[in-house]
Structure formats: structure tokens, C-alpha cells
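Peer 1: Take a look at this one; I'll ask things after.
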Amino acid sequence: MRTSMLRTLARRTSTAGTRRGFASESAPDRKVAILGAAGGIGQPLSLLMKLNPLVSRLALYDIAGTPGVAADVSHINTRSEILGYAGEEQLGKALEGADVVIIPAGVPRKPGMTRDDLFNINAGIVKSLCTAIAKYCPHALVNVISNPVNSTVPIASEVFKKAGTYDEKRLFGVTTLDVVRAKTFYAGKAKVNVADVIVPVVGGHAGVTILPLFSQATPSANLSSEEIEALTKRTQDGGTEVVEAKAGKGSATLSMAYAGAIFADCLLEWDLNGVPGCLYSCHSYSQLVTEPAISLHPRLRFGKNGVEEVLGLGALSDYEKEGLEALKPELKSSIEKGIKFANA
Ligand SMILES: NC(=O)C1=CN([C@@H]2O[C@H](COP(=O)(O)OP(=O)(O)OC[C@H]3O[C@@H](n4cnc5c(N)ncnc54)[C@H](O)[C@@H]3O)[C@@H](O)[C@H]2O)C=CC1
Ligand SMILES: O=C([O-])CC(=O)C(=O)O
């Protein structure tokens with residue numbers, strides 16, 4: 001996973017005022033729209049995307065509160081022009097011409113809730129936002145953050161199918177936070193430099209459907225099976241750990257904004273700008289829905305037209321094989337729930 005965006009930012013900040021410090025005017029024009037931009041994730045995500053020199057226009061949309069966020073973020077002296085939109089009547093303008101749309105709109109969990117408990121509210125929000133995306137920016141790369149991701153991604157794809165705009169290579173459920181967590185927890189346990197760590201995470205984004213493959217983690221470390229199980233469980237329960245610590249004030253926002261920003265950066269650089277060779281962990285609809293076994297190949301290689309290659313799972317440990325079998329029924333039923341809702 002890439003962290004160069006933030007490293008670049010650090011370099012830029014230290015050279016502020018020089019030509020190199022700011023936007024490369026030669027970079028292509030790229031519009032990014034954030035839907036739900038005034039929320040707990042939306043605000044720090046807006047900040048991070050404002051810091052990304054690959055973005056030339058950043059549209060911040062929410063049902064309310066975006067004028068303040070937009071005014072605030074717009075004072076930051078980086079390349080992108082900030083456009084704030086509030087209320088449904090402005091959604092079309094926010095989306096027009098967008099190359100990338102990021103959706104953190106919707107309610108977060110409170111202690112005692114599952115992600116699926118958010119379905120009743122968030123399913124409708126994602127459906128209506130995706131209907132607008134199909135109309136106003138049908139070719140955009142769409143990154144769905146709103147939970148339950150295992151169902152909201154299928155909802156998005158059904159909406160796009162009905163509209164005739166579906167492209168399996170351009171729709172993503174953002175599961176990057178699971179990768180971020182797996183790397184952090186692994187580095188702590190293995191006592192290795194976190195910046196060097198790679199951990200594939202496959203499956204979906206809820207409890208046991210999150211399957212980190214620590215047997216493939218690098219740099220390799222001699223961890224016991226108890227340690228691997230504890231790391232796996234902590235990664236699967238990472239969201240709940242934050243929900244409980246926030247004690248009723250929502251779920252992960254800052255780490256999610258980071259994860260959402262690095263994933264979007266990956267798409268902007270490697271996909272839209274055609275720089276090949278990205279390896280990323282996330283899932284997209286077709287891999288999820290057509291057959292859960294295929295869905296669990298979420299490491300993607302991007303090219304100029306979106307996902308170019310879906311990479312295999314690699315060699316799994318017995319523990320991971322068990323985890324893989326255990327997650328399929330839940331993932332499948334969450335997918336079916338989303339499809340049913342979208343077509344009702
Ligand atoms: N994929 C992942 O790894 C993660 C997903 N999430 C999910 O992200 C979602 C947002 O979380 P937070 O930002 O903490 O919630 P929040 O409540 O702080 O913000 C949500 C924002 O969405 C806006 N919103 C509601 N309906 C909307 C609509 N129709 N159009 C546009 N905006 C709308 C609200 O006005 C609010 O500003 C939740 O569903 C949460 O579960 C959270 C963390 C990680
Ligand atoms: O746990 C939640 O509700 C939010 C989320 O998806 C995460 O932090 O992974």
C-alpha cells in the first residue's frame with residue numbers, strides 16, 4: 001500500500017514557497033467528489049484530498065454543513081480548487097465531471113451494533129447517491145466507504161447495472177482500513193518497521209469476513225499460532241475496538257480518512273494517470289457477487305482502464321483456509337441482501 005502521498009506532503013510542507021512545493025500545473029485535471037464531506041470521515045478526508053497534488057478540483061457535498069467545511073479547507077495553499085455543495089438540489093453539480101467519487105455518507109455504529117444494523121438507513125443513502133452518479137458522472141471511479149460495505153457495494157453495482165453504466169473495473173468497496181490495521185498490528189507484534197510491512201487482507205469488511213493473511217506478511221516473523229490468531233481477531237474487530245473506545249460518539253473517522261485518502265491516491269496515480277504496477281487490497285463488486293470464492297481475490301493491479309488484473313490468494317495456512325470457508329456464508333448473504341434491496 002502506498003504512503004508516498006503523505007511523504008510527498010511532508011516534503012512539500014518543508015519546501016513551502018518554492019515552485020516544487022505546490023501543484024504541478026502539468027498534472028492532468030482531475031476532479032474528486034466527496035459525498036458526506038461534512039461528516040466525521042468526510043472532513044479529515046476532505047483535508048487529505050486537498051493536500052493531494054493530483055487533484056485539481058475537489059467537490060465537497062453533504063446534505064448540510066459543507067459551506068463551512070469548504071470555506072475552511074479552501075484556505076489551504078495547495079493546488080485544488082474547492083467547490084462546496086449542500087442539499088440534494090446541488091448534488092448534480094457536485095458530481096458533474098468527477099473522475100473519482102468517494103462516498104462516506106451515512107450513519108456510523110454505536111456500541112452494541114453490527115455494521116449490518118446500519119443497513120436500513122445507509123442502503124437508501126447509497127442507492128440514491130449512486131443513482132445520481134450514474135446520471136452525472138457515469139464513468140467515474142466510485143469508492144464506497146458507507147457501511148455495511150458488504151451490502152452497499154452490491155447496491156451500488158445494481159444501481160449502475162440498471163442505469164447501464166456498470167463497469168466492474170470502476171467500482172470499489174473501500175476495505176483499505178483493514179489493511180492499514182493489519183499492518184500496524186503486525187508491525188507491533190513482529191517488532192518490524194511498520195513502513196516496510198505488507199499484509200494482504202481478503203474477503204469483505206465485517207467481522208469474520210475480514211481475513212488477513214498473516215502467513216504471507218512481510219518482513220516475515222516467527223510468530224506463534226496463538227499470536228497469529230490474536231492478530232487476526234484484532235484486525236477483524238478493529239472497527240469495534242474504535243466504536244467502543246468512542247463510547248457512543250461514532251466509529252473510526254481519522255484512520256478511515258487516511259485509508260480512504262491513500263486508496264484514492266492510488267487510483268489517481270496508478271489508474272487515471274496510467275502509471276502501472278499498483279497492487280492493492282480492496283474488493284470490487286463483480287469479484288464479490290459472481291461467486292464468493294472469486295470474490296476473495298481482492299488484490300488488484302490497476303491500469304489505465306481501472307482494474308486490469310485480479311490476483312490470486314496465494315498459499316494459505318490451514319488457519320486461513322478455515323477462515324476462508326467460515327466467511328463465505330456471511331459474505332454471500334450480505335451481498336444478496338444488498339442485491340435484493342436495490343431491486344425491490
Ligand atoms: N469502509 C470502512 O472501512 C469504514 C466505513 N465507515 C462508515 O462510514 C460512514 C460514515 O461514517 P462517519 O463519517 O463517521 O459518520 P458521520 O455521521 O460523522 O458522517 C456522515 C455524513 O454523511 C452525511 N449524509 C447523510 N445522508 C447523506 C446523503 N444522502 N448525502 C450526502 N451526505 C449524507 C451526514 O450529513 C454526515 O455529514 C458510516 O456508515 C460508517 O459506518 C466508517 C469507518 C470505516
Ligand atoms: O466499525 C465500524 O462501524 C466502522 C468500520 O467499518 C471500521 O472501523 O472498520
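Peer 1: Could you list, in sequence order, the residues of region 65-78 that are open to solvent by less than 20 Å² (accessible area, probe 1.4 Å) and more than 15 Å from Ala105 (Cβ to Cβ)?
Peer 2: Once the filter is applied, which keeps residues that are open to solvent by less than 20 Å² (accessible area, probe 1.4 Å) and more than 15 Å from Ala105 (Cβ to Cβ), region 65-78 yields Ala70, Val73.
Peer 1: Within region 189-206, work out how many residues are more than 16 Å from the chain's Cα centre (by Cα) and farther than 16 Å from Tyr319 by Cα.
Peer 2: Qualifying residue count, region 189-206: 10.
Peer 1: While we're looking at this one, here's another question. Where in region 206-295 are the helices (runs of 4 or more DSSP H), entirely inside, with at least 3 residues that are surrounded by fewer than 22 Cβ atoms within 10 Å (Cβ to Cβ) and modelled with pLDDT of 95 or more?
Peer 2: Working: elements: 225-236, 238-246, 254-266, 285-289, 292-295.
Hits in region 206-295: 225-236, 238-246, 254-266.
Peer 1: Oh, and also: Being within 7 Å of ligand 2 (Cβ to nearest atom) and touching a Leu at 6+ places or on another chain (Cβ under 9 Å) is the filter here; which residues of region 226-258 pass it? Steps first, please.
Peer 2: Looking only at region 226-258, we keep the residues that are within 7 Å of ligand 2 (Cβ to nearest atom), and these are 238-240, 242-243, 251-252, 256.
Selection gives Gly238, Gly239, Ala252, Met256.
Peer 1: Considering every residue within region 8-15, establish whether at least one is modelled with pLDDT of 55 or more, of a type outside the set (D, E, K, R) and not in a loop (DSSP other than H, G, I, E, B). Walk me through it before giving the result.
Peer 2: Taking region 8-15 as the starting set, the residues that turn out to be modelled with pLDDT of 55 or more are none.
For region 8-15, residues modelled with pLDDT of 55 or more, of a type outside the set (D, E, K, R) and not in a loop (DSSP other than H, G, I, E, B): absent.
Peer 1: Sort out which residues of region 51-64 are more than 14 Å from Leu267 (Cα to Cα), in contact with a helix residue (DSSP H, G or I) (Cβ under 6 Å, 6 or more places away or on another chain) and buried (at least 22 other Cβ atoms within 10 Å of the Cβ), and write them in order of number.
Peer 2: We begin by selecting, within region 51-64, every residue more than 14 Å from Leu267 (Cα to Cα); these are 51, 56-64.
The next check asks that each one be in contact with a helix residue (DSSP H, G or I) (Cβ under 6 Å, 6 or more places away or on another chain); those that pass are 51, 58-61.
Within region 51-64, Leu58, Ala59, Leu60, Tyr61 meet the criteria.
Peer 1: Can you pull out every residue in region 149-166 that is among the small types (Gly, Ala, Ser), at negative phi and surrounded by fewer than 22 Cβ atoms within 10 Å (Cβ to Cβ)? Can you show your working first?
Peer 2: Narrowing region 149-166 to residues among the small types (Gly, Ala, Ser): 151, 156-157, 163-164.
After this cut, where a residue has to be at negative phi as well, the list is 151, 156-157, 163.
Of everything in region 149-166, just one residue is among the small types (Gly, Ala, Ser), at negative phi and surrounded by fewer than 22 Cβ atoms within 10 Å (Cβ to Cβ), namely Ala163.
Peer 1: So if I check each of Lys191, Lys183, Lys169, which one is surrounded by fewer than 24 Cβ atoms within 10 Å (Cβ to Cβ) and within 15 Å of ligand 2 (Cβ to nearest atom)?
Peer 2: Just one listed residue meets the conditions, Lys183.
Peer 1: Given the criteria within 14 Å of ligand 1 (Cβ to nearest atom) and in contact with a strand residue (DSSP E or B) (Cβ under 6 Å, 6 or more places away or on another chain), does Ala182 qualify? Steps first, please.
Peer 2: Details: within 14 Å of ligand 1 (Cβ to nearest atom): yes; in contact with a strand residue (DSSP E or B) (Cβ under 6 Å, 6 or more places away or on another chain): yes.
Considered against the rule, which asks whether it is within 14 Å of ligand 1 (Cβ to nearest atom) and in contact with a strand residue (DSSP E or B) (Cβ under 6 Å, 6 or more places away or on another chain), Ala182 comes out as yes.
Peer 1: Going through region 28-43 one residue at a time, which ones are open to solvent by less than 30 Å² (accessible area, probe 1.4 Å) and in a helix (DSSP H, G or I)?
Peer 2: Hit for region 28-43 is Gly42, nothing else.
Peer 1: So which strands (runs of 3 or more DSSP E) stay within region 57-164 end to end and still have 1 or more residues that are over 22 Å from the mean Cα position of the chain (by Cα), away from ligand 2 (no atom under 16 Å from the Cβ) and not assigned by TED's automatic domain parsing to the domain that holds Glu330?
Peer 2: Per the criteria, 81-86.
Peer 1: Please work out if Ala182 is in the same structural domain as Glu322 (by TED's automatic domain parsing), assigned to a loop (DSSP other than H, G, I, E, B), of a type in the set (A, V, I, L, M, F, W, C) and touching a residue at least 24 places away in the same chain (Cβ under 8 Å). Even if it seems obvious, please write down each step before you answer.
Peer 2: Values: in the same structural domain as Glu322 (by TED's automatic domain parsing): yes; assigned to a loop (DSSP other than H, G, I, E, B): no; of a type in the set (A, V, I, L, M, F, W, C): yes; touching a residue at least 24 places away in the same chain (Cβ under 8 Å): yes.
Taking the combined requirement at face value, the residue does not satisfy it.
Peer 1: Can you tell me which residues in region 212-252 are under 17 Å from the mean Cα position of the chain (by Cα), in contact (Cβ under 8 Å) with a residue 40 or more places away in the chain and closer than 17 Å to Met113 by Cα?
Peer 2: At the first step, the residues of region 212-252 found to be under 17 Å from the mean Cα position of the chain (by Cα) are 212, 235-236, 238-239, 251-252.
Now restrict to residues that are in contact (Cβ under 8 Å) with a residue 40 or more places away in the chain: 235, 238-239, 251-252.
Gly238, Gly239, Ser251, Ala252, listed by residue number.
The values are calculated or read from the model by the stated rules, or taken from the named source; none is laboratory data. Because the structure is predicted, anything quoted here is derived from the model rather than measured. Neighbour counts are summed over all protein chains in view; Cβ atoms, including those assigned to glycine, are modelled from backbone coordinates with ideal geometry. SASA here: full protein model, heavy atoms, side chains in, ligands and nucleic acids out. Shrake-Rupley method; radii C 1.70, N 1.55, O 1.52, S 1.80 Å.
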